[in-house]
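Report on the structure given below.
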Amino acid sequence: MKDHINKYLTPNRIEFAVTYLCNSKCKHCYSIKNNETFPEHIDESLAVETVRKVGEQYSPESIMTFGGEPLLFPEIVAAIHKEAMDVGIPSREIITNGYWSKDAKKVKEIAKNLKESGVNEIIVSVDTFHQEQILLDNVRKTIESCLQEGFQNILLNPCWVVSEENDNQYNQKTKSILQKLEDLPVRKSEGNIMEPSGLALINLKEFLPPKEKLPAGKCGDMPYTDPLDSVKGICIEPDGKVAVCNDFYIGNAFETDIISLIENYNPFKIPVMKEIIENGMEGLLNWAKAKGVKPDPEGYYSICQMCIDIRRKVNKILK
Ligand code: SF4
């Protein structure tokens with residue numbers, strides 16, 4: 001265990017984007033990827049094998065399944081977590097919108113199966129955006145079924161607009177939704193702040209910060225990111241691609257053994273990563289300029305939005 005250390009990448013956490021399909025269409029959703037470019041769901045055997053190999057080799061602390069809505073494929077989610085439990089990964093989380101089925105019996109079955117598969121934290125997205133689409137009563141029934149199965153770690157995870165304190169109509173609605181669940185023995189997380197990506201860019205523009213030509217910040221400061229030379233987690237996409245950051249792939253676990261992908265990761269050998277590490281966003285812009293790609297003249301909301309946009313434009317040219 002942990003005998004192959006890569007100083008640039010230590011997978012303490014594995015995340016699986018089980019699917020990008022969803023049974024909701026929330027106004028702020030930033031998981032909206034180009035769904036048509038991904039298979040409907042991750043391959044179960046590949047996912048299980050990945051958990052086993054990474055689990056045995058690196059003893060990660062946590063695993064998470066998300067989407068889209070991962071519980072559109074409850075068997076795959078259960079198989080991933082079962083393997084994680086067997087291989088000794090201590091923290092095994094699911095993020096869900098809580099709408100698992102119209103049929104209460106089916107919801108109970110799923111909850112039972114997840115419990116038996118070793119899931120030990122269920123994070124339920126509850127806020128105005130989700131509840132514009134999903135009846136709160138369905139979410140309540142899912143939570144109640146999970147409680148009946150003995151889940152002790154259920155977390156309500158709201159998405160705040162601007163900040164929890166900001167007094168706007170969305171946050172007011174979210175607060176009143178959370179109040180309606182106050183009788184349940186579950187915790188409320190800090191939640192997250194609506195990000196400038198996905199549908200939020202279209203539907204909620206007025207709540208985003210002003211765009212800047214060269215947004216401030218560096219990798220690792222942004223939510224869910226690490227510096228590229230000190231990556232602590234990997235994310236597996238539904239098609240097997242392995243990401244070390246937002247849309248930043250180091251290969252495909254279908255084509256290359258996951259352990260060798262991790263062991264061979266060296267961001268200094270990938271020109272764009274080297275530029276970002278050494279020169280930040282200026283480096284990214286210079287790298288793009290050399291390829292004939294200019295940044296959006298309107299600017300960007302964040303460094304990650306800029307980074308993703310520029311890399312996509314360069315990839316298009318190189319294709
Ligand atoms: S700027 Fe790019 S590399 Fe850095 S954290 Fe954001 S997406 Fe990742």
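Side notes on the structure shown:
- A full extension of the chain between Lys211 and Glu40 corresponds to an added length of 58.2 nm, given 0.36 nm per residue minus the alpha carbon distance.
- A cut-off of 5 Å between modelled amide H atoms, ignoring neighbours fewer than 5 places along the same chain, links Val231 with Leu9, Thr10.
- Taking every protein chain into account, the 1.4 Å probe leaves Lys105 with about 140 Å² of accessible area, to the nearest ten.
- For Lys188, a cut-off of 20 angstrom between C-alpha atoms picks up these lysines, skipping any fewer than 8 places away in its own chain: Lys141, Lys173, Lys175, Lys180.
- Expressed per residue, the C-alpha convex hull volume of segment 9-209 stands at 126 Å³.
- Site pair Gln179 and Ala104 shows an inter-label distance of 2.7 nm when each label is modelled 7 Å from Cα along Cα→Cβ.
- Note that segment 51-67 has calculated 3J(HN,Hα) couplings of 4, 4, 5, 5, x, 5, 7, 10, 6, x, 7, 8, 9, 9, 10, 8, x Hz, one per residue in order, obtained from phi through the Karplus relation 6.51 cos²θ - 1.76 cosθ + 1.60 (θ = phi - 60°); glycine and proline are x.
- Separation of segment 128-175 from segment 53-120 is 19 Å, based on Cα centroids.
- For the chain: relative contact order, % (alpha-carbon pairs under 8 angstrom, 6 or more apart): 21 percent
- With all protein chains modelled, accessible area of Lys205 [1.4 Å, Å²]: 120 Å²
- Segment 6-28 and segment 208-241 have Cα centres separated by 13 Å.
- Computed over the chain with a Gaussian network model linking Cα atoms closer than 10 Å, the most mobile of Ile202, Ile236, Ile250 is Ile202.
- Linear extension gain, Lys232 paired with Ile193, 0.36 nm per residue minus alpha-carbon span: 11.8 nm
- Under-5 Å amide H pairs with Thr256, H placed in peptide plane, nonlocal only: none
- Per-atom-type breakdown for the chain gives carbon and sulfur 50% of the accessible area (1.4 Å probe, protein chains only).
- For Tyr300, the residues whose amide H sits under 5 Å from its own are Glu212, Lys213, ignoring neighbours fewer than 5 places away on the same chain, with H placed 1.01 Å from N.
- Proximal lysines to Lys232, defined as alpha-carbon separation beneath 19 angstrom and excluding residues fewer than eight positions away on the same chain: Lys2, Lys7, Lys53, Lys218, Lys241, Lys269, Lys274
- Burial ranking of peptide ranges 82-95, 264-277 (average Cβ count within 10 Å, highest at the top): 82-95, 264-277
- ³J(HN,Hα) computed for each position of segment 291-303 - Karplus, 6.51 cos²θ - 1.76 cosθ + 1.60, integer Hz, glycine/proline x: 9, x, 10, 10, x, 4, x, 6, x, 9, 7, 7, 4
- Segment 174-315: relative contact order as a whole-number percent, Cα under 8 Å and 6+ apart: 25 percent
- To the nearest 10, the accessible area of Asp257 is 60 Å² with a 1.4 Å probe.
- GNM top mover of Ile76, Ile63, Ile193 - the chain, alpha-carbon springs below 10 Å: Ile193
- For segment 61-120, the per residue solvent-accessible surface stands at 40 Å², with DNA, RNA and ligands left out and a 1.4 Å probe.
- Accessible surface comparison of His41, His130, His81, probe 1.4 Å, protein chains only, largest first: the order is His41, His130, His81.
The values are calculated or read from the model by the stated rules, or taken from the named source; none is laboratory data. Since we're looking at a predicted model, the values are computed, not measured. Using ideal geometry, Cβ is built from the backbone for each residue, glycine included, and neighbour counts are taken over all protein chains shown. The accessibility values were calculated without ligands, DNA or RNA, using every heavy atom of the protein model including side chains. Shrake-Rupley method; radii C 1.70, N 1.55, O 1.52, S 1.80 Å.
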